[in-house]
Amino acid sequence: MPTYRFEAVDQTTGRPVMGTLQASDEQSLQRLLQSRGFVIKRIVSATDTPPPQSQPLQSQPADRRAERATASLRARAVFFRQLASLLRAGQNPVNALSQIADQPSMPQSLQAAARAMLANAHLGQPLSQALEAFPRLFAPHVVGMFRAGELGGSLDLICDEIANHYEQEHALWRRLWIPRLLMLNGIGMLMLVLPLFPAFYYGMARGDVSLFFKQYIALLLGRYLPLFAGLAVTVAGVWWWIDLPANRRWKDAVVMRLPVFGALNRQRALTAFLRTLHRMFAAGVPAISAWEASAPSAGNVFVREKLMEVLPIVRAGEGIDRALQATGLFDWETISLIAAGQQSGEIADMLDRAARYHEETLRERYQRASFALIRLGCLGTLILGGAAMLWMVYSYFNGMFRFVDEFFKTP
């Protein structure tokens, strides 16, 4: 059955939509869109087979620059916010991506991603397929959300939600300046204290105060500064290694076990899934296709796997509420809402309510994570300050006893 890429207008909101649908011919496509409340504007392309699904990166030509490309969270949020705004203004993807790709203020990595998406748009291929060539720039759940937006004809709304996701992440990490400042203060204090008393007794034992300053500078620059610089490079390397796409599963497993950040990561994944599932049902996508398209939008590998494990329940027609319950990820309030929506025929509305409920919970999780970061910074400062104090006491008395022994020639 041919697959059509189309542009249409939502009759209820007047908002332009685009997506892909399978239909026997163009007349059947028009009737299908009219039943969903859409008026077709034009058919972009038609193929005799379903749109090509994304292939593993190993089977594609290796583009090292695309694989290593990255950008700040704020820049990615601006990228998707601009794309959503242009699509909502009625522009087609080609014009929207052309404007973004030509912006000199946009980072080069995002310009390259826009050009790759533009090439796919010219070929009539899914834009989400181009995003997969940039694994460090766009995480799998972002690609999943974008693909769901293409399928449901709500790409502008999905781009807004992706932008919200990046803005929340940026707001969280922006608050790191307090714990970073506290940690740097503690590290600097420890680094300056370590050579203090060894240099002091070195100069006092030789009866020359100037030797104290020379020995202090020598120890600071020759021993402790390289030590702390090496430690900083090691931490940066470990952080870079953790952020690699190949280590994403290990990273998600570690994050899920952290006291505060694990709950945040889990709640974020569930919220993205429910919101995407709501978009799918609101667009009239069948339950099986809606679940298959929404599950990859979860931002945690293990949550995605749980959601895909219960797909046979959806295929068997047992209901969305049964599938949610089988995952063991959702509370009874969410499951009850979805069950009531299925019985009343208002499942899209109930999914919207469930998504809003989880979004409120997610905001609370972000606040807790922010406070946790500040507490960690304070704790690190106390630990480093305590270590500096212990070293001062140890080096002071140890140096004093050695100085007395050397002065009085104690055997």
Problem set entry | Members of region 302-333 that are under 19 Å from His358 (Cβ atoms) and among the hydrophobic types (A, V, I, L, M, F, W, C) | Phe302, Val303, Leu307, Val310, Ile320, Ala323, Leu324, Ala326, Leu329, Phe330, Trp332
Seminar exercise, completed: Contact list, first residue from region 253-265 and open to solvent by 60 Å² or more (accessible area, probe 1.4 Å), second anywhere and hydrophobic (A, V, I, L, M, F, W, C) and part of a helix (DSSP H, G or I), beta-carbon distance below 8 Å, six or more apart or interchain, is Met256/Phe302; Pro259/Ala372
Exercise. Out of curiosity, is Ile217 within 30 Å of Ala77 (Cα to Cα), loosely packed, with under 14 Cβ neighbours inside 10 Å and of a type in the set (Val, Ile, Thr)?
Worked result: no
For this session: Can you tell me which residue within region 169-186, out of those that are part of a helix (DSSP H, G or I) and open to solvent by less than 60 Å² (accessible area, probe 1.4 Å), is nearest to Ile383 (Cα to Cα)?
Result: Gly186
Exercise. Taking Gly284, is it within 30 Å of Gln34 (Cα to Cα) and surrounded by 15 or more Cβ atoms within 10 Å (Cβ to Cβ)?
Worked result: yes
Problem set entry | Cβ-Cβ under 7 Å pairs, at least 6 apart or on other chains, region 365-390 side closer than 14 Å to Ile187 by Cβ, far side open to solvent by less than 30 Å² (accessible area, probe 1.4 Å) and at pLDDT 80 or above | Ala388/Val193
Exercise. Restricting attention to region 151-159, does a residue exist that is acidic (Asp, Glu) and within 19 Å of Pro296 (Cβ to Cβ)?
Worked result: no
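The values are calculated or read from the model by the stated rules, or taken from the named source; none is laboratory data. Predicted, not measured: the structure shown is a model, and the values here were computed from it. Heads up, the Cβs are rebuilt from the backbone with ideal geometry, glycines too, and the neighbour counts pull from every protein chain shown. Note: areas computed on protein heavy atoms with side chains; ligands, DNA, RNA excluded. Shrake-Rupley method; radii C 1.70, N 1.55, O 1.52, S 1.80 Å.
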